[in-house]
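The next block holds one structure in the form of structure tokens; read it before the comments.
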Amino acid sequence: MISHQLIGAEVSLYTGKLRCYLKYKNIPFDEVTASREVFQNVIIPRTGVRYIPVLISDDDKAIQDTTEIIDFLERRYPEASIYPSTPKQNLVSLLLETYGDEWLVIPAMHYRWNIDENRNFAIGEFGRTSAPHANKEEQVAIGQQTAKPFAGALPMLGVKDDTLPAIEKSYLGLLADLDRHFAQYSFLLGSRPSIGDFGLIGPLYAHLYRDPYSGRLMEAQAPNVVAWVRRMIEPAPLSGEFLADDEVPDTLYPVLQRMLEEQGPVIRQTMEQVGNWQGGDQIDRAIGEVGFTIEGVSGTRLTFPYMQWMWQRCCDFYASLEGEEKRRVSGMLDVINGLEELLEQPVARRIHRIENKMRVDKAQ
């Protein structure tokens, strides 16, 4: 039987997200390490970009980007869908995927590259991934070179000396909120993982659980989050149900409120800057600078249009709701300050992913 190929790495945030999904859905796959040779011979020729993970499907389609891969596979493997069929739960799951994918990269990158123990561990992992047959000394040298652009990206994400205490305070607050939730529920919305769980697992597993210092921190501060991580990485395939009657547990509201307070203004500024883009229909990966505030501390970071692409999924679903479904969702939104206003903010110019490049609608 021909299976899918997951090309990625244990050290990779987004590979962790996709691997957990494949295991939960019981989709047959072989994992291929994204070595330098695989990048040169497979990833770049097949996708045109240098990012992992990549899925080579069982009928030889090459797909890059975990959200697109998951949606591709959901159409082929609809059993035990990770998208809830009810409006409140589906909106929450889309919101938390956006939060995990696009915002929790901040603490994930901080703890990996600003903590020496984690940094040295990651360098070793990068070296083993890039050159699995090299000796240890060669792997360390290769890992140091490979790691430079990742460690160098911290200021672009807003991870700077003056924001570090606030980033850590916010992360520990999030762990406390999630720990209270997972003390009562196996996953975000019941006994089945949703797309929101898979969005959160990337940073919370591949960086913050698996790296040694942050892993010990999680064990000490949030044992119920650790238990959830372990359920996610070794799931009972195709099992579980979402909560009945479209219930969204009250324990998730603090997580959503944190998302809105920290990431919400960045989403709003990103949409405004995309709307003012003057560079043609292909848009750069970063197009300017936005301000943000975490735990009362303000900073700046680059503007990433991809965040809008993720946010559009939330907006599109919300816009599709009518009648009783919209009224039920509106009742939930009343509890989360600023969410309804952000969901109703018009997207002036939409972002599209075409052949792994981002395109933007023409200005009106």
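The values are calculated or read from the model by the stated rules, or taken from the named source; none is laboratory data. Source: prediction; values computed, not measured. Glycine also receives a Cβ, built like all others from the backbone with ideal geometry; neighbour counts cover every protein chain displayed. Note: areas computed on protein heavy atoms with side chains; ligands, DNA, RNA excluded. Shrake-Rupley method; radii C 1.70, N 1.55, O 1.52, S 1.80 Å.
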- [ ] Can you run the Rg to Rh ratio on the chain? Use alpha carbon positions and the Kirkwood inverse-distance Rh.
- [x] 0.94
Open item on the list: Could you work out the pair-distance distribution P(r) of segment 161-225 from its alpha-carbon pairs, with 10 angstrom bin width and percents rounded to whole numbers?
Closed with: 20, 52, 24, 3
- [ ] Would you please give the residues with an amide H less than 5 Å from that of M358, counting only those at least 5 places away or on a separate chain, with H modeled from the backbone geometry?
- [x] I283
Task: segment 12-95 - Debye-derived log10 I(q)/I(0), Cα point model, q = 0.16 Å⁻¹ - done: -0.66
- [ ] Quick one: accessible surface of W309, probe radius 1.4 Å, all protein chains present, in square angstrom to the nearest 10.
- [x] 30 Å²
- [ ] Provide the solvent-accessible area of F121, counting protein heavy atoms only and rolling a 1.4 Å probe, rounded to the nearest 10 Å².
- [x] 60 Å²
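In segment 33-109, which GluC sites (Glu not before Pro) are in a loop and have at most 13 other Cβ atoms within 10 Å, using DSSP for the loop call?
E79
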Task: Among 276-287, 207-218, the order from most to least packed when residues are scored by Cβ within 10 Å on average - done: 207-218, 276-287
Task: Residue among T129, I27, L302 farthest towards the positive dipole end of the chain, charges placed on Cβ - done: T129
Task: Size of electric dipole in the chain: Cβ of Lys, Arg +1 and of Asp, Glu -1, about Cα centre, debye, nearest 20 - done: 740 debye
Task: Spin-label model distance (nm) - Q40 vs Y213, 7 Å beyond Cα toward Cβ - done: 3.4 nm
TODO: Compute the FRET efficiency between E289 and S330 as 1/(1 + (r/R0)^6), taking r as their Cβ-Cβ distance and R0 = 56 Å, and round to the nearest 0.05.
DONE: 0.95
Task: Loop trypsin sites (Lys or Arg not before Pro), segment 1-58, which have at most 16 other Cβ atoms in a 10 Å radius of their Cβ (DSSP) - done: R50
Open item on the list: In 10 Å bins starting at zero, report the fraction of Cα pairs in segment 107-253 per bin as a rounded %.
Closed with: 11, 34, 30, 19, 5, 0
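Please give the per residue volume of the convex hull enclosing the alpha carbon atoms of segment 257-364, rounded to a whole number of Å³.
Taking the convex hull of the Cα positions in segment 257-364, it is 102 Å³ per residue.
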- [ ] Pick out which of M307, M332, M109 has the largest mean-square fluctuation in a Gaussian network model of the chain, springs linking Cα atoms closer than 10 Å.
- [x] M332
Task: Cα→Cβ-extended label distance, 7 Å offset, between A244 and A80, nm - done: 2.2 nm
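So which GluC sites (Glu not before Pro) in segment 234-273 end up in coil per DSSP with only 16 or fewer other C-beta atoms within 10 Å?
Details: sites: E241, E247, E261, E262, E272; in loops: E241, E247.
Here the sparse-neighbourhood loop sites are E241, E247.
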Open item on the list: If you average the C-alpha positions of segment 94-132 and of segment 260-304 separately, how far apart do those two centres end up, in angstrom?
Closed with: 22 Å
Open item on the list: Can you give me the distance in nm between label points at E68 and A319, each placed 7 Å from the Cα along the Cα-to-Cβ direction?
Closed with: 2.1 nm
TODO: Please build a GNM for the chain, connecting alpha carbons under 10 Å apart, and tell me which residue among L333, L55, L157 fluctuates the most.
DONE: L333
Open item on the list: Considering only protein heavy atoms and a probe of 1.4 Å, how much of the accessible area of the chain is carbon and sulfur, as a whole percent?
Closed with: 49 percent
Open item on the list: Solvent-accessible area of V360, probe 1.4 Å, all protein chains present, reported in Å² to the nearest ten, please.
Closed with: 10 Å²
- [ ] Over segment 1-116, average the accessible area per residue using a 1.4 Å probe and give it in Å², no decimals.
- [x] 36 Å²
Open item on the list: Before I look further, what does segment 259-364 give for accessible area per residue, probe 1.4 Å, in whole square angstrom?
Closed with: 50 Å²
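Report the full-extension gain for the segment R268 to K61: residue separation times 0.36 nm, less the Cα-Cα distance, to one decimal in nm. Mind dumping the intermediate values first?
Details: separation 207, 0.36 × 207 = 74.52 nm, distance 3.48 nm.
So the chain would gain 71.0 nm between R268 and K61.
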Task: Max mean-square fluctuation residue, GNM over the chain, Cα-Cα springs under 10 Å, options V290, V49, V92 - done: V49
TODO: Subtract the Cα-Cα distance of A227 and Y51 from 0.36 nm times their separation in residues, and report this length gain in nm to one decimal.
DONE: 60.4 nm
Open item on the list: Show me, for segment 238-243, the HN-Hα J-couplings you get by feeding each phi into the Karplus relation (A = 6.51, B = -1.76, C = 1.60, θ = phi - 60°), rounded to Hz, glycine and proline as x.
Closed with: 6, 9, x, 9, 7, 4
